[in-house]
Each structure stands twice: as structure tokens, then as C-alpha cells.
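A.B. asks: Sharing a structure with you now.
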Amino acid sequence: MTPMTTALTTPTTTEEDLAQVQREHGGPLFSFLLRLCDGDAQRAEDLVQETYVRAWQHPEALDPRYESVRPWLFTVGRRLAIDARRARLSRPAEVGDAVLENARVCADHAERSAAALDVRDAVATLTPEHRAVLLEVYFKGASVAEAAETLGIPPGTVKSRAYYALRALRRVLPGYASDLR
């Protein structure tokens, strides 16, 4: 028994058909997708190209019986833009080389622990008044006015004690001076 073969004729999209679609609808499609991409021209161009690929894959959409292919193109483009946005949001943000070059290198846990011990020892060398100001302003995150109220001293005194405390820490921790500025 031999299998039956049927010759199915499927419509195909020619380069000429796609060129015509691009001439007629390329500008409005790009403008539409550019708005959906928040002005990112490269992303909009990629979506336009992907929309044309879909038109090439679905020649029935270019059937001359339809009045216009534009609604189909805009629908496909909009869906591609939505899919691309969802894909971007599901992945962590990409970081460019410039950002990586300027990023601080995070020390490993052992280095952070050693640095914390160094800072703790250095803070212990300060006078109790200076330590109290640093505790309020830098460790508790209080404003100068809040620290002044808590410590019962004028705001100007809080500022000067914080200044002199940091200056003393810079002398005791010379390797950390850039971190304390």
C-alpha cells in the first residue's frame, strides 16, 4: 500500500510583496512601535523587522482580497512589543561596560568583617561625645536637628563634633579615608 500524496499549494510571500508592504506601511508601523518602545529606536526597528518576518511567514495576511494589511501589521507589532517588554521585565537588567567599570568592588565577607572590626576599634578611640554624635547621625540616620534634640546639644555642636570625629577616624583608618568622605 502506498501512501497518498496530495499536492497542496500554499501561497508564498515574495520579496516584492514585502518590499511593497514596507513602502506602504513601514513609516507608520515604525512610528507606532517607537511609541510603544518609549522612544527606543533600535528596539522599534527590531520589532518592525520581526513584524515583516511574521508577514513573510503568513502570506495569507497579505491576500489582496483584504482592504489593507496595516491592521494586521499593527496587531502583530503590538503583540511583539508586549512580548518583548514582558521578556525584558522577567530578566535582570543588563549592565553596560561603563557601569561595571565605575562600580565599587564589593569585598568578600571576610574582608567586610575585618573592615567592620577596624572601624569598631577606631570608633572606640573617640571621645564619648564624638561617639554619641556619630552613633546618632551615621548609624541611626538621624538628621542634625534630631541628633541635637536627642543629645541635648545645639545643632552647630553636632556638626562640629561630627566633623572632628570623622577627621579623627581618617587619621586612625588611613586606608579607609576615601570611604569616609
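The values are calculated or read from the model by the stated rules, or taken from the named source; none is laboratory data. This structure is a prediction, so every number in the text was calculated from the model and none was measured. No Cβ is skipped: glycine too gets one built from the backbone with ideal geometry, and neighbour counts run over all protein chains shown. Accessible surface is based on the protein model in full, side chains and every heavy atom, while ligands, DNA and RNA are left aside. Shrake-Rupley method; radii C 1.70, N 1.55, O 1.52, S 1.80 Å.
A.B. asks: Calculate one ³J(HN,Hα) per residue across the stretch 72-85 by plugging θ = phi - 60° into the Karplus curve 6.51 cos²θ - 1.76 cosθ + 1.60, and present them in order as whole Hz with x for glycine and proline.
C.D. replies: With the stated coefficients, the stretch 72-85 comes to 5, 4, 5, 5, 5, x, 5, 5, 5, 5, 5, 4, 5, 5 Hz.
A.B. asks: Sticking with this one: Given R₀ = 30 Å, FRET efficiency for Thr157-Thr125 by Cβ-Cβ distance, to 0.05? Intermediate values should be presented prior to the final figure.
C.D. replies: Working: r = 20 Å, r/R0 = 0.68.
It comes to 0.90.
A.B. asks: A further question follows. Pick out, in residue order, every one of the trypsin sites (Lys or Arg not before Pro) in the stretch 6-89 that is DSSP loop and has at most 16 other C-beta atoms within 10 Å; say none if there are none.
C.D. replies: On the way: sites: Arg23, Arg35, Arg43, Arg54, Arg65, Arg78, Arg79, Arg85, Arg86, Arg88; in loops: Arg65.
Filter output for the stretch 6-89: Arg65.
A.B. asks: If you roll a 1.4 Å probe over the stretch 17-83 with all protein chains in place, what percent of the accessible area is carbon or sulfur?
C.D. replies: Working: 2100 of 4180 Å².
Here it works out to 50 percent.
A.B. asks: Rounded to the nearest 0.05, what FRET efficiency do Arg86 and Glu24 have when you use their Cβ-Cβ distance and R0 = 30 Å? Intermediate values should be presented prior to the final figure.
C.D. replies: Working: r = 30 Å, r/R0 = 0.99.
So the FRET efficiency works out to roughly 0.50.
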